[in-house]
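The values are calculated or read from the model by the stated rules, or taken from the named source; none is laboratory data. Computed from a predicted structure; not experimentally measured. So basically every Cβ, Gly included, is an ideal-geometry build from the backbone, and we count neighbours across all protein chains shown.
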Protein chains: 2
Amino acid sequence: MAAATTYAVLVELLKARQLKELREKFEELNVVDIADFIERLAGEDIVIAFRALHKDTAAEVFSYLSYDMQEQIVKSITDQEIANIINELFVDDAADFLEEMPAGVVKRVLKNASPDTRALINQFLQYPPDSAGSIMTAEFVGLKKTMTVRDAFARIRRDAVDRETIYTCYVMDENRHLEGIITVRELFVAPEDTLIGDIMDTKIISATTTDDQEHVARLFAKYDLLSLPVVDQENRLVGIVTVDDVVQVITQEATEDFQLMAATSPTERPYLRTSVWELARHRIIWLAVLMLSATVTGVVLQRYEEAFLAIPLLVSFIPMLTDTGGNAGSQSATLIIRGMAVDEIRPNDFFKVLWKEFRISLVVGASLGALNFVRIYLIHPGEPILSLTVSVSLMAVVVVAKTVGGILPMLAKVLKADPAIMASPVITTIVDAVGLLVYFKIVEAILL
Amino acid sequence: MAAATTYAVLVELLKARQLKELREKFEELNVVDIADFIERLAGEDIVIAFRALHKDTAAEVFSYLSYDMQEQIVKSITDQEIANIINELFVDDAADFLEEMPAGVVKRVLKNASPDTRALINQFLQYPPDSAGSIMTAEFVGLKKTMTVRDAFARIRRDAVDRETIYTCYVMDENRHLEGIITVRELFVAPEDTLIGDIMDTKIISATTTDDQEHVARLFAKYDLLSLPVVDQENRLVGIVTVDDVVQVITQEATEDFQLMAATSPTERPYLRTSVWELARHRIIWLAVLMLSATVTGVVLQRYEEAFLAIPLLVSFIPMLTDTGGNAGSQSATLIIRGMAVDEIRPNDFFKVLWKEFRISLVVGASLGALNFVRIYLIHPGEPILSLTVSVSLMAVVVVAKTVGGILPMLAKVLKADPAIMASPVITTIVDAVGLLVYFKIVEAILL
């Protein structure tokens, strides 16, 4: 929303039910801002505001609304209005929306869709979630090799209104096999009589319907694409993915990684719109698993009870050791997880990563160990051997932590698990148990 | 690279110095793949391969190379070759490249640029890093209100070759003030004699040169844009940001947040290409700060020495308590940080977040407390009071952790700091000290 004043004006017109003026005001706004406005309404205002929209704008605004709002609106409008929306929506948006609706709503919406639209939507609903098929659109401009540039322009002009992108066109043979790609830019610089087959680009970068959307996003980032053709198992062109959907995918995949790395089950629903119960449910499982795993650390500490009863000061260094170990391990794990997510690090870099993390851990461990020696020596000047013991332990813990932190995400990847689960919480739990064992082994060797 | 065989063929041609065949092979490849190939070369092969490129392709391949490679190439080619590259590069790519080069290289490159290019590059180099100005391009199609659709097509045809995008055109007055926007799609559906001023879109979404690139990325994500006009302080159009650059920005900003959240100083250089010393340097500072902060936890533990000397078993629960607290706090911090990064949570949601996290922490704390009671009771059946004490402490720690974890990132934002620094490591350090204090206070109250 550009300004709070616009919002106030819209609310006023809506409350006064001045729907003609409201519609005029809507026409001056971007559809995303109109959707933002409707999101902030409640009760019957929602449907009244939605109905004030121009027919052409309604479907577009609808595609930007949250699933909650979409459901509320669909439940309150007529079959005819539903038909208008569903036939106007791009098929991928329609499928996204239907995937989130209860069965009754899906049935009613599909009943009102035109037979063509219904068939297409049903096809889209069959693609696996988060696949190229699930984010592609079927509305693209198709050309033939034998067309001239002039023919191509005529076709584009005809199709311009209802295709998601017209700037990249796809050249297919009679069996819909993809033969080449041509951009409107290339058409502009070519003489009008040139055959498409002579100027089309045959270095085609494409995806298949079952490819993961993360893979698709990487292709866009790597090759600076505006759109990407998607083919089926028989190599027939079935749709295209456009860059605006990829922008959402990149953001969504990063959010999913952030959530996983913080030991939270991923959800796409915005925080402020999720209930306390649901948020709690997403967090408890991992916390419980990690808490139960900490039993191991408890066992280690019980085993060395005599050591810390003899030198109680040893206990006061435990949190410093485990925290530094945990932090050192998460640094490595996070960098490796992110590196794999953006495809800079691959499973066959395993030994390179192991060797690099090992050397880094020596540098970091030695530096922190030295700093720590000075710190403890300043606080407990009479205990140089104690300072030494704790500092050697710290160095050992950092080396273990960084090595474990570096390789576990790569192992997860090799085992086809999401590397992001091998982040801070899991690394911390493992490093704590190993670290304390190392600590008391070194204490035994030096102090006792 | 499509296949390892392509790579092998290219290497063979290069080693045999069959440069004509190499050039032909290059023409069949995507420029990004050619850049990938050159990245894997060493020594004089790099420049020889680069020189085998067609003149038209060279600048484009150059823009996809790493800074190390760009420097090596520029140092080995002639002034004439440099002039060809720098005049062909888009200004934003040229500025990016020069920002990373040593002074001597910058001087030599600018000397060989045409006066126009040099002036434009110098202007770009003055925009703050990570600003809209620093990622925009000056190559766009400008139109006038008084032009017809036919005129506009003629202009686009003329400009098509060397403009970064032609699909959105910008309508300016004689003082270069932005008056409207029109897409090629809209031009296609309009009659040829229509005036641009009559059909252009005046609902303009724009940025200023000094806006943060993160803000720009959010506008693209929100409004599904392909390009965005950038104006200067006097509202004159100076450039446009295109969606391919935004895809890089989104990825880069997420990477920066991942690094900060793992207590690592951010760097844009890929992990495998960064030296051990540099990686170590980026990690030591935060680890040292956090390690020294853990002195507080040590003091707390020393203060309660008598408590754990009386009941040594108390020590064995310390890692479980601090880890669960740390994990619970990071979950909240991570969700809030990410929510703010994608603009779903804003500073004025402070009390909503506080209240929500408090309620979540009660649910999560009570659940974990109950589970923990059962666990300890099973291991130590004779100690129900001990089980109760630890479980009540656990619940209190979770409540503190989630509340602190939820509000600290928001406070950071209000204080204009990056919320991402208030992530797992900092939260863990704070929660450890507070958590142990709470633990021993409860121990004192119930057990002693």
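Under the condition of being without any contact (Cβ under 8 Å) to a residue 24 or more places away in the chain and either at positive phi or within 7 Å of chain A (Cβ to nearest Cβ) (or both), the residues counted in the stretch B:352-369 number 4. Do we find that B:Glu234 is surrounded by fewer than 16 Cβ atoms within 10 Å (Cβ to Cβ) and either in contact with a helix residue (DSSP H, G or I) (Cβ under 6 Å, 6 or more places away or on another chain) or not assigned by TED's automatic domain parsing to the domain that holds B:Ile156 (or both) in this structure? Answer is no for this residue. In the stretch B:363-385, of all residues being buried (at least 16 other Cβ atoms within 10 Å of the Cβ) and among the β-branched types (Val, Ile, Thr), the one that is nearest to the chain's Cα centre (by Cα) corresponds to B:Val364.
In the stretch A:255-281, the residue that is farthest from the other protein chains (Cβ to nearest Cβ) out of those that are of a type in the set (A, V, I, L, M, F, W, C) and part of a loop (DSSP other than H, G, I, E, B) is A:Ala263.
For A:Thr264, the conditions (1) out of contact with any Lys or Arg (no Cβ under 8 Å at 6 or more places or on another chain); (2) crowded, with 16+ Cβ neighbours inside 10 Å are fulfilled apart from (1). With respect to A:Leu219, is the statement that it is surrounded by fewer than 22 Cβ atoms within 10 Å (Cβ to Cβ) and touching a Pro at 6+ places or on another chain (Cβ under 8 Å) true? Judged against the criteria, A:Leu219 is not a match. With respect to the stated conditions, A:Lys402 fails to be within 27 Å of A:Val342 (Cβ to Cβ), modelled with pLDDT under 95 and either assigned to a helix (DSSP H, G or I) or over 32 Å from the mean Cα position of the chain (by Cα) (or both). Applying the selection to the stretch B:345-362, what residues are in a loop (DSSP other than H, G, I, E, B) and either among the aromatic types (Phe, Trp, Tyr) or surrounded by fewer than 19 Cβ atoms within 10 Å (Cβ to Cβ) (or both)? The one that is in a loop (DSSP other than H, G, I, E, B) and either among the aromatic types (Phe, Trp, Tyr) or surrounded by fewer than 19 Cβ atoms within 10 Å (Cβ to Cβ) (or both): B:Arg346. Of the residues making up the stretch A:183-221, just one is free of Cβ contacts under 8 Å to residues at least 40 places away in the same chain, among the basic types (Lys, Arg) and assigned to a helix (DSSP H, G or I), namely A:Arg185. Residue count for the stretch A:222-254, restricted to those that are part of a loop (DSSP other than H, G, I, E, B) and either within 9 Å of another protein chain (Cβ to nearest Cβ) or in contact (Cβ under 8 Å) with a residue 60 or more places away in the chain (or both): 3.
One residue stands out among those in the stretch A:182-216 that are buried (at least 18 other Cβ atoms within 10 Å of the Cβ) and more than 28 Å from B:Tyr64 (Cα to Cα): the one that is farthest from the chain's Cα centre (by Cα), which is A:Ile196. Of all residues in the stretch B:154-181, those satisfying the criterion of being among the acidic types (Asp, Glu) and surrounded by fewer than 21 Cβ atoms within 10 Å (Cβ to Cβ) are B:Asp159, B:Asp162, B:Asp173, B:Glu174, B:Glu179. Picking from residues in the stretch B:121-157 that are free of Cβ contacts under 8 Å to residues at least 12 places away in the same chain and within 14 Å of chain A (Cβ to nearest Cβ), the one that is nearest to B:Glu100 (Cα to Cα) is B:Arg157. All of (1) assigned to a helix (DSSP H, G or I); (2) out of contact with any strand residue (DSSP E or B) (no Cβ under 6 Å at 6 or more places or on another chain); (3) buried (at least 18 other Cβ atoms within 10 Å of the Cβ) hold for B:Asp92 with one exception: (2). Scanning the stretch B:255-266 for residues that are free of Cβ contacts under 8 Å to residues at least 24 places away in the same chain and of a type outside the set (Ser, Thr, Tyr) turns up B:Phe258, B:Gln259, B:Pro266. Could you check, for the stretch B:276-299, whether at least one of its residues is acidic (Asp, Glu), at pLDDT 90 or above and assigned by TED's automatic domain parsing to the domain that holds B:Ala396? No - not one qualifying residue is present in the stretch B:276-299. Selection of the stretch A:18-37 for residues being polar (S, T, N, Q) and either on the phi > 0 side of the Ramachandran plot or more than 9 Å from chain B (Cβ to nearest Cβ) (or both) yields only A:Gln18. Residues in the stretch A:308-351 that are among the hydroxyl-bearing types (Ser, Thr, Tyr) and more than 7 Å from every other protein chain (Cβ to nearest Cβ): A:Ser332 alone.
If only residues of the stretch A:282-302 that are more than 7 Å from every other protein chain (Cβ to nearest Cβ) and either surrounded by 21 or more Cβ atoms within 10 Å (Cβ to Cβ) or touching a residue at least 12 places away in the same chain (Cβ under 8 Å) (or both) are counted, the one that is nearest to A:Tyr67 (Cα to Cα) is A:His282. Among the residues making up the stretch B:36-57, those that are within 24 Å of A:Glu344 (Cα to Cα) and not β-branched (Val, Ile, Thr) are B:Asp36, B:Phe37, B:Glu39, B:Arg40, B:Leu41, B:Ala42, B:Gly43, B:Asp45, B:Ala49, B:Phe50.
Of the candidates A:Ile46, A:Ile82, A:Ile86, the single residue that is within 29 Å of the chain's Cα centre (by Cα) and either surrounded by 15 or more Cβ atoms within 10 Å (Cβ to Cβ) or modelled with pLDDT of 95 or more (or both) is A:Ile86. B:Thr428 meets the conditions (1) farther than 26 Å from B:Ile284 by Cβ; (2) crowded, with 19+ Cβ neighbours inside 10 Å in every case but one. The failed one is (1). For the stretch B:405-447, filtering for residues that are assigned to a loop (DSSP other than H, G, I, E, B) and aliphatic (A, V, I, L, M) leaves 5.
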